[in-house]
Amino acid sequence: EEHDSVTELVEVIYPKTMGNIFCVMQALEELVRKNALYYDMMYFEWRWTVDKVELANQVSADVVETIKDKIKGLSVNIQRLLAVMAYIPCTVGVAVLKELLMNDEDNALNEDEIASLLKEASEDGMLMWSTESGNYVFAHDRIREASRGYVAEKDREELLLHMADVLQRLGKGSKMEWCLFTAVDLLNSLPSDKVDVKDLIKLNLRVSKMAKSRGSPEKENTLLRESMELLKQCKWEDYDLSLEVYNAAIASECNLGNGDEMSTAVDEVLDHAKSLRDKFSAYLHMVKNLRDSKGYTAGAHEGVKVLNMFSYNIPLQPTKVDLFREKMKLRLAFKSRSYASLSNLQITEDPIFELFSEVCVDSLFSGQPRLLMLVAMTAVRRAIDEGISSHLSLILVVLGTLQGKKGKVKAANEIGNVALALSENFRDNKADYSFTRFANYAGIIFYLQSFRSGVDILQQCYKDLRFAGRFDVALGSQLNCIYAYLAAGLSLGTIFESKLLVINEFCQSIDKSGFAASFQIHRQFAMNLRQSLDHPTLLNGPAFQQDTVLTKMSDEAHKMTLRDASIFRLQLAFIFNDTECMAEMLEILSGYPFEDQVISRFHIRACFQGLAAFSLAEKKYHAIGNQCLKYFRRMKKLGSTNAPPAYFFIAAVKKPTQKAFTAAIDSCSEANMPHLEAMARERYAMFLQTRNESELAHSSITSAYWLYFDWGAHGKSVSLAQEYPFLKTVKRAKTGSHVSSSRSGGTTTKTAVSVRSYATQSEGVYNRQGTFEYNSTLKSRMLVKSKR
């Protein structure tokens, strides 16, 4: 019966509100205001006396119109209060509202009166108290919308001009800079004939710089576009202002990957700039855009052409004679000093060093070592003459990376250390400082230092570069962070996969499909290890479908993505002992240069190329296996902390003996690389089975089982349990003992472990007891023998 009594009212309200509780409440209040719905004091219930059709006519179809009708019934002061608050995107206190509501001295409201108005508006259901901000806020976005729409067009323009003027005055304080952001948005919403165009351009430019410094490149870009639109009315009347706006817009569009918009701004500068120096920024970003659209080779050559406009005369294809001549010039400029002497030079902000660094990076990635050497040495000579810039440290890092690719690791580290020292002079410039650190770790430092030590640093570089709007470089840092993470054997699992998913979504949002594909490969790799699949060596799942993705890519992107996918499929093939897939991946990777400027990626590739090559019966693959073994042997002699596990493991697979596998297992354990230790123990168990040493084989395969499990390769653990049924009932003596560690600031903690080794002198087994000692300052772990 109660349902039947309100059926008519429901049939009127529901079609216009679709059951939204806020809209329902506003519709009911409207009926009450119009006396179509009233509370009967005699019967203590709500009633209506009109029929259904008339009742429906009393309810507005738009909830905003309903709220506007409600606002009409409020006092003039509350109406004005709501209108002012509607144009402020954040919450404001009484003091700011007092300034904004002050039209003239006679009608000025004091703070107590404003507080009373806020309370009254809250009682009317328009505002609500926010405990989070400590101020009143709109009870619903529709109320804000209605409060804006209630103001007449003529009054609205006067109101916004008044508010913008007050906010600019209030924005002079360091803690009130939000006022400037709001003021410029209000002025940009007005017709151009209502504002001072030149002053508005300056305000847009000023606030865009603030937005950039606060990590909001999208807001910066929006304001610069507003400035360029206003500049169309000025026709370059103010040359310096126009040039500054267009140069800032070019850099912003380039960072966000908006090539077409950037090209339009570049053409504007090239058409109107008066000197070659004024055109420099346009040429620089034109080079960057060309690299993104046509590849590194095109970018490097275009960059050289621009440098030659400044009388450098650098050949596009330098000969040995050109290189020798430049080396002699540099030697004379150094005057028997070393690269370390560069840190004593004066600091300059010469923008041409950025172009030098851009050409060096493009030359490195396009495989033009002579051009890179020539351009880098020319830049260093200029620095000796003119002073150092923040981009010089990056130039040195690229030069060091090239030395490392040539096998000159010690020389690379010397140059890298100088670059790090130089970058300390520009620490306030977080973008360039982080770029230098990221490039140094990716191309130099990881030769000798552990991958584990650089993961957090690369992650921080990613955050700083993303905050600065350098999205391409930021994603490069994150990509190297993931490579280092995987090379170090850090834990996989759903949390790791979730992080990759977030980064992938960010790549998609800024149209960086190449980076997105790389992160998708890593996520699918982790999922293949975690899940129990019929075909775990195929990258064909919810995160990445190799064939589908590759068919949509350009030739260059296809080549790079196929390489990355093949590296991780090769690792999966070795883990799951899929010999057919190993052979296929080795054939694919043989078509790529052996060396790679990304050390962590090359480490993974060379490690599993060597392991797979000696796991296969065909001797044709042994050449690549020996090449990988030779690389890790050389790196081990140079003092690399990453090389010994790979070297000893590959050597053990090549010539399996108890001694070889013991060295491999101990090396992986001491380097804290559980993933390689798990694989080494599994392969050792397979070797022991060929010698009918079942007890030792079971012990080794049990250790491998738990190592895989702790690494996050649960799918591999399940596969082992299916292959070795006794694992289904095995119990663990100490959970996670091989990876447990306590990291506290500046302290040293010890966790007891047992590293099982096998003596070659006898068939017996002995336990070498020891402890892992972790020093959080040095960020390293060492195996310390226990005293017996």
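Once you have the alpha carbon radius of gyration of the stretch 212-299, what is it after dividing by 2.2 N^0.38 Å, with N set to its residue count?
Ratio of Rg to 2.2 N^0.38 Å for the stretch 212-299: 1.07.
Measure nothing but the geometry: give the 0 to 90° angle between the long axis through the Cα atoms of 579-589 and the longest principal axis through the Cα atoms of the chain, rounded to 10°.
80 degrees
Give the dimensionless ratio obtained when the Cα radius of gyration of the stretch 525-631 is divided by 2.2 N^0.38 Å.
1.06
When the Cα centres of the stretch 63-88 and the stretch 505-566 are compared, how far apart do they sit, in Å?
That distance is 53 Å.
Which lysines have a Cα lying under 16 Å from the Cα of K620, excluding residues fewer than 8 positions away in the same chain?
List returned: K654.
Taking all protein chains in place and a 1.4 Å probe, what share, in percent, of the accessible surface of the stretch 604-679 do carbon and sulfur account for?
With neighbouring chains kept in place, the figure for the stretch 604-679 is 55 percent.
Taking the Cα centre of each part, how many Å lie between the stretch 577-644 and the stretch 393-435?
After rounding, the separation between the Cα centres reads 27 Å.
Among L161, G215, S147, whose Cα lies farthest out toward the positive end of the dipole of the stretch 146-290, if unit charges sit on the beta carbon of Lys, Arg (+1) and Asp, Glu (-1)?
G215
Which far-off residues, 5 or more places away or on another chain, put their amide H under 5 Å from the one on L127, with H placed in the peptide plane?
S122, A139
Please list 3J(HN,Hα) in residue order for the stretch 373-378, calculated via the Karplus relation 6.51 cos²θ - 1.76 cosθ + 1.60 where θ = phi - 60°; whole Hz, with x for glycine and proline.
In residue order, the calculated couplings are 4, 5, 5, 5, 5, 4 Hz.
Tell me which lysines have Cα within less than 20 Å of K499's Cα, excluding those fewer than 8 residues away on the same chain?
Within reach: K463, K512.
Given a 1.4 Å probe and heavy atoms of the protein chains only, how would you sort Y647, Y631, largest accessible area at the top?
The ordering from most to least exposed comes out as Y647, Y631.
Given the rule -39500 (n - 2.57) for each run of at least 4 DSSP H residues, summed and divided by the residues of the chain, what is its mean residue ellipticity at 222 nm, to the nearest 500 deg cm²/dmol?
Per the formula, -21000 deg cm²/dmol.
Need the list of lysines near K119 for cross-linking: C-alpha distance under 22 angstrom, and skip anything on the same chain fewer than eight residues off.
K68, K70, K72, K98
So for E218, E693, what's the accessible-area order with a 1.4 Å probe, most first?
Sorted descending by solvent-accessible area, the residues read E218, E693.
What is the Cα radius of gyration of the chain over 2.2 N^0.38 Å, N being its residue count?
It is 1.23.
Roughly how big is the stretch 111-220's charge dipole about its Cα centre, with Cβ charges of +1 (Lys, Arg) and -1 (Asp, Glu), in debye to the nearest 20?
760 debye
Probe of 1.4 angstrom, ligands and nucleic acids ignored: what's the accessible area per residue over the chain, in square angstrom?
The answer is 47 Å² per residue.
If you stretched the chain out fully between E177 and E11, how much longer would it get, using 0.36 nm times the residue separation minus the C-alpha to C-alpha distance?
Taking 0.36 nm per residue and subtracting the Cα distance, the gain is 54.7 nm.
Could you put Y38, Y87, Y14, Y43 in order of accessible surface area, largest first, with the 1.4 Å probe and the full protein assembly present?
Output order, biggest surface exposure first: Y43, Y14, Y38, Y87.
Out of the total accessible area of the stretch 490-560 (probe 1.4 Å, heavy atoms of protein only), what percent is carbon and sulfur?
C and S atoms contribute 50 percent here.
Please compute the contact order of the stretch 29-95 in relative form: average sequence separation of alpha-carbon pairs under 8 Å and at least six residues apart, divided by the residue count, as a percent.
23 percent
Tell me the GluC sites (Glu not before Pro) within the stretch 556-631 that lie in a loop according to DSSP and have at most 10 other beta-carbon atoms within 10 Å.
Within the stretch 556-631, the qualifying GluC sites (Glu not before Pro) (loop, at most 10 other Cβ atoms within 10 Å) are E618.
Using alpha carbons only, how many degrees (0 to 90, rounded to 10) separate the axis of helix 643-654 from the longest principal axis of the chain?
Orientation of helix 643-654: about 50 degrees from the principal axis.
Note down the nm distance, to one decimal, between modelled labels 7 Å out along Cα→Cβ at D271 and at C90.
Label at D271, label at C90, 3.9 nm between them.
Determine the percent antiparallel among the DSSP beta bridges restricted to the chain, to the nearest 5.
95 percent
Taking the Cβ of I482 as the centre, find all other residues whose Cβ is under 12 Å away and add up their charges (Lys, Arg: +1; Asp, Glu: -1).
Overall, the nearby charge balance is +1.
The values are calculated or read from the model by the stated rules, or taken from the named source; none is laboratory data. Just so you know, these numbers come straight off a predicted model, no measurement behind them. All Cβ positions, glycine included, derive from the backbone under ideal geometry; neighbour counts span all protein chains shown. These accessible areas exclude ligands, DNA and RNA; they are computed on the full protein's heavy atoms, side chains included. Shrake-Rupley method; radii C 1.70, N 1.55, O 1.52, S 1.80 Å.
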